[in-house]
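The values are calculated or read from the model by the stated rules, or taken from the named source; none is laboratory data. Treat the numbers as computed from the prediction; the structure is a model and nothing was measured. So basically every Cβ, Gly included, is an ideal-geometry build from the backbone, and we count neighbours across all protein chains shown. SASA here: full protein model, heavy atoms, side chains in, ligands and nucleic acids out. Shrake-Rupley method; radii C 1.70, N 1.55, O 1.52, S 1.80 Å.
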Amino acid sequence: MDKRTLSRDGTSIAYESSGQGPAVILVSGAMSTGGTMAPLAAALADRFTAFVYDRRGRGESGDTAPYAVEREVEDLAALVDAAGGEACLCGVSSGGALVLEAVASGLPVRRAAVYETPFADFSPQGAEERAAYTAHLTAALAEGRRGDAVELFLSLTGMAPEMIQGARQSPLWAGMEAVAPTLAHDDAVMGDGLVPRERLASVSVPVLAVAGGASPEWLQEATRAVAEAAPKGSYRNLEGQTHMVDPTVLAPVLADYFTP
């Protein structure tokens, strides 16, 4: 990250921008940094100025206690200012929940898009599983058990126990433990884990909710529910795509949607 902006509470937020055209800010999900969004930024850079950034507590960005979702919205506000005062937002996975909260908070956003924000309304275990995850995650982090916190998150995503144990032995595990405290940030951003219908009802900007056709049915239904809850919401399904969406497939959809 070669640029920095200061959030309202003084936290330094590291970001990069590439390309030319209207500004699009990309928001990553849990266990990820701005670098995770770099391929999508590259795919948009021929038509937009694409911004990627390290959310607070990750990568090269700072972190200021105590955490609150409002601070992350202020981080996005600082980035919108850096982008010239207006931007489109795109959030992937739990980053989508942050984008939805940002537009509901009245940030100067022209349009917003989210990809598969994992609200649990239609999942087999629903809000019950989310509440249990929150309780166990809070305990693990309070006791300094970062590895256990990462394992809890990977289990929530549906990763098989044997794959998690394999991941624990990989060179990447140390990096995952390093950002484990930010799992609490994403958990807070997700709220009670359900589609925030009342909050979305107040959103005045267009919202595009995108899902992959090869993703679990509950995730596709949750994405559709986001589109239905936003007054100017629309839904798009990308055939053959999973939660790990191909940036070259998603980018043209976003480019068409974000083009003034």
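Hey, rough spin-label estimate for Ser12 and Leu194, points 7 angstrom out along Cα→Cβ, what's it come to in nanometres?
If labels sit at Ser12 and Leu194, their model points lie 4.3 nm apart.
Lys and Arg at +1, Asp and Glu at -1: add these up for the other residues within a Cβ distance under 9 Å of Tyr235 and post the number. Before the final figure, lay out each step's value.
Details: positive: Arg224, Arg236; negative: Glu228.
My count for the surroundings of Tyr235 gives +1.
Out of the total accessible area of region 133-212 (probe 1.4 Å, heavy atoms of protein only), what percent is carbon and sulfur?
C and S fraction of accessible area: 60 percent.
Find the accessible area per residue for the chain; the probe is 1.4 Å, ligands and nucleic acids are left out, and the unit is Å².
Computed with neighbouring chains in place, this is 43 Å² per residue.
Give a residue-ordered list of calculated ³J(HN,Hα) values for region 8-16 (Karplus: 6.51 cos²θ - 1.76 cosθ + 1.60, θ = phi - 60°; whole Hz; x for Gly, Pro).
4, 8, x, 5, 7, 10, 8, 8, 9
Local charge sum around Glu101 (other residues, Cβ-Cβ under 11 Å, Lys/Arg +1, Asp/Glu -1)? Write down the numbers at each step before the final one.
Values: positive: Arg199; negative: Glu70, Glu72.
Computed value for this residue: -1.
Under a 1.4 angstrom probe, counting protein chains only, how are Tyr15, Tyr235, Tyr53 ranked by accessible area, largest first? Present the calculation step by step, with values, prior to reporting the outcome.
Working: Tyr15 25, Tyr235 60, Tyr53 5 Å².
Putting Tyr15, Tyr235, Tyr53 in descending order of accessible area: Tyr235, Tyr15, Tyr53.
How large is Rg over Rh for region 201-260, taking Rg from the Cα atoms and Rh as the Kirkwood inverse mean of 1/r across Cα pairs?
A ratio of 0.98.
Translational diffusion coefficient of the chain at 37 °C, 0.692 mPa s, Stokes-Einstein with Kirkwood Rh over Cα pairs, in µm²/s as a whole number.
Reported coefficient: 179 µm²/s.
Can you give the net charge of the other residues whose Cβ lies under 13 Å from the Cβ of Thr223, counting K and R as +1 and D and E as -1?
Details: positive: Arg224, Arg236; negative: Glu116, Asp121, Glu217, Glu221, Glu228.
Overall, the nearby charge balance is -3.
Give a residue-ordered list of calculated ³J(HN,Hα) values for region 201-211 (Karplus: 6.51 cos²θ - 1.76 cosθ + 1.60, θ = phi - 60°; whole Hz; x for Gly, Pro).
My calculation for region 201-211 gives 4, 8, 6, 9, 9, x, 10, 9, 10, 10, 10 Hz in order.
222 nm [θ] for the chain, helices only, -39500 (n - 2.57) per DSSP H run of 4+, per residue, to 500?
-12500 deg cm²/dmol
Mean shadow of region 1-147, computed from the convex hull of its alpha carbons, in nm²?
Values: hull surface 37.5 nm².
It is 9.4 nm².
Pick out, in residue order, every one of the chymotrypsin sites (Phe, Trp or Tyr not before Pro) in region 104-178 that is DSSP loop and has at most 14 other C-beta atoms within 10 Å; say none if there are none.
In loop regions of region 104-178 (DSSP not H, G, I, E or B), there are no sparsely surrounded chymotrypsin sites (Phe, Trp or Tyr not before Pro).
At 7 Å along Cα-to-Cβ for each site, give me the label-to-label distance between Ala160 and Ser202 in nm.
4.5 nm
To the nearest whole percent, what portion of all C-alpha pairs in region 62-192 is separated by more than 24 angstrom? Can you show the working numbers first?
On the way: 3131 of 8515 pairs.
Here the long-distance tail beyond 24 Å is 37 percent of all Cα pairs in region 62-192.
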